[in-house]
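We did not get these values from a lab; they are worked out from the coordinates using the rules stated. Remember, it's a predicted structure, so these values are computed and weren't measured experimentally. Virtual Cβ from ideal backbone geometry, glycine too; neighbours counted across all protein chains shown.
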Amino acid sequence: MDQITPNRRTAGGAGWDRVRRHTLLDRTYHWLMALCVIVLMATAFLPILGIKFEWLDIHWITGVALAALVLIHIVRALFFQDWRNMWIGWTDLRELWRDTARLLGSRSALALPGKYDAAQKLYHLGVAIVILAVVGTGLLMLLKIDTPFWRRNPYWFSADTWGVIYVIHGFAAMAIVATVIVHLYFSLMPDSWYLLRAMVRGWISGKEYAQHYDPSRWKA
Amino acid sequence: MELFRYSRSIYGGSDQLIGASWDLLPWFVGAAVLVIVVHALLSALAKWRARHSA
Ligand code: HEM
Ligand code: HEM
């Protein structure tokens, strides 16, 4: 929870009116990152699927932008936000097990999560791994191309090492296509519209907060 | 099905690894669609069960 905008109480004092979930900076980060990922996927895969155009310049420039965004996010998450919100602990693993069991028909009680539930945290971990893989290898691959700022210098690594770097970039890129499709499904599902709305407006209603979260695990 | 792409050496040497094989792309898309379909079916079933057990 950020301290910039205090949560507002309703006039009658009947609980919270609005509960801030994402600051403007974090929402801007999320949507800029999404834009970068879409441009990177389009410039990478449309030519492979047969739609040819000059993709490389748009691709590497957007790639450098994504690298900068991700770096800012990591610094913010570690030093300015509460990294424990995204940390996967034993409670989360137990919850994941119970949620799966419930989906399969068990009647175990529903425990309310903190700011992010176990599935969201696991998803974040997966996205972080593939995005960091594509950013790390992508930055190295800049050595293989000519730009206005530097000449290509492919001799830093042996041909075999370059092969491995390209394999990682390629596999992570295809995994990103899969994670984006799954992400679209879960965020467009009517059950999670309130989360999509929160990534646009920044807040959820007090009712949504009470309904979906354990206030001792996510202190508003 | 190939997992990797190789370039053939014109000098007759061994093939050089150059990247992932794009034949795999449909499998990644398929895996994502499978996750969606399984989740949608299970949650529809869970809702149905909740409604008919009251
Ligand atoms: C969503 C993220 C990304 C996706 C889906 C993606 C996908 C791809 C794909 C499929 C290729 C073709 C690779 C090959 O021929 O084996 C490629 C090439 C390339 N990517 Fe990315 N990429 C992403 C992010 C990045 C980032 C963050 C950077 C740089 C910071 C980057 C830099 C490059 C460069 C320089 C090449 C061209 C290398 C060459 O032609 O020799 N990419 N990318
Ligand atoms: C070591 C790497 C990373 C760390 C330590 C990290 C940490 C975090 C934390 C602590 C949060 C929760 C912030 C809060 O609401 O209190 C978060 C949210 C988020 N992360 Fe990461 N993250 C990392 C990498 C990434 C990467 C690579 C991406 C994708 C490009 C990403 C995308 C997001 C998104 C979209 C959110 C939700 C935005 C929000 O709630 O403000 N993260 N991350």
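Ordering A:THR28, A:ILE181, A:LEU69 by the projection of their Cα atoms onto the charge dipole of chain A, which places +1 on the Cβ of Lys and Arg and -1 on the Cβ of Asp and Glu, puts A:THR28 at the extreme positive end.
Residues considered: A:LEU32, A:LEU142, A:LEU104. Largest GNM mean-square fluctuation over chain A, using C-alpha springs under 10 Å, is found at A:LEU104.
Which FRET efficiency value, to the nearest 0.05, is calculated for A:HIS212 and A:LEU122 with the Förster distance at 22 angstrom and r the Cβ-Cβ distance? Efficiency computed from Cβ-Cβ geometry: 0.80. Result for chain A in a Gaussian network model with C-alpha springs under 10 Å: among A:ALA118, A:ALA178, A:ALA65, the largest mean-square fluctuation is at A:ALA178.
Relative to the Cα centre, the charge distribution of chain A, modelled as +1 at Lys and Arg Cβ and -1 at Asp and Glu Cβ, gives a dipole magnitude of about 660 debye.
Divide the volume of the convex hull around the Cα atoms of segment A:67-107 by the residue count and you get 90 Å³ per residue.
Which residue, A:MET199, A:MET41, A:MET189, tops the fluctuation ranking in a GNM of chain A built on C-alpha contacts under 10 Å? Judging by the Gaussian network model, the answer is A:MET189.
Simple rule: put +1 on each Lys or Arg Cβ and -1 on each Asp or Glu Cβ in the protein assembly as shown, find the dipole, and look at A:MET86, B:TYR6, A:PRO154; the Cα lying farthest toward the positive end is A:MET86. If you average 1/r across every pair of different Cα atoms in segment A:118-175 and take the reciprocal, what Kirkwood value do you get, in Å? Result for segment A:118-175, one decimal place: 12.6 Å. Equivalent ellipsoid of chain A: semi-axes from √(5λ) of the C-alpha gyration tensor, largest first, are 38, 20, 16 Å.
Within 10 Å of each Cβ in A:152-162, how many Cβ atoms from other chains are there, averaged over the peptide? Mean partner shielding for this stretch: 1.
When both segment A:163-220 and segment B:1-43 are represented by their alpha-carbon centers, they are found 26 Å apart. Counting other Cβ atoms within 10 Å, which chymotrypsin sites (Phe, Trp or Tyr not before Pro) in chain B have at most 14 and lie in a DSSP loop? For chymotrypsin sites (Phe, Trp or Tyr not before Pro) across chain B that sit outside H, G, I, E and B with at most 14 neighbouring Cβ atoms in 10 Å, the list reads B:TYR11.
For chain B, the C-alpha radius of gyration divided by 2.2 N^0.38 Å, with N the number of residues, is 2.20.
When the Cα positions of A:PHE171, A:ALA128, A:LEU103 are compared along the charge dipole of chain A, A:LEU103 comes out farthest toward the positive end, with charges on each C-beta of Lys, Arg, Asp and Glu.
Each Lys and Arg Cβ is given +1 and each Asp and Glu Cβ -1; about its Cα centre, chain B then shows a dipole of about 460 debye. For chain B, trypsin sites (Lys or Arg not before Pro) are listed when DSSP marks them as loop and at most 12 other Cβ atoms sit within 10 Å of their Cβ; the list is B:ARG8. Taking the Cα centre of segment A:88-202 as reference, the dipole from Cβ charges on Lys and Arg (+1) and Asp and Glu (-1) amounts to some 220 debye.
Given their separation in residues at 0.36 nm each and the Cα-Cα distance between them, B:VAL38 and B:LEU3 gain 10.0 nm when the chain is fully extended.
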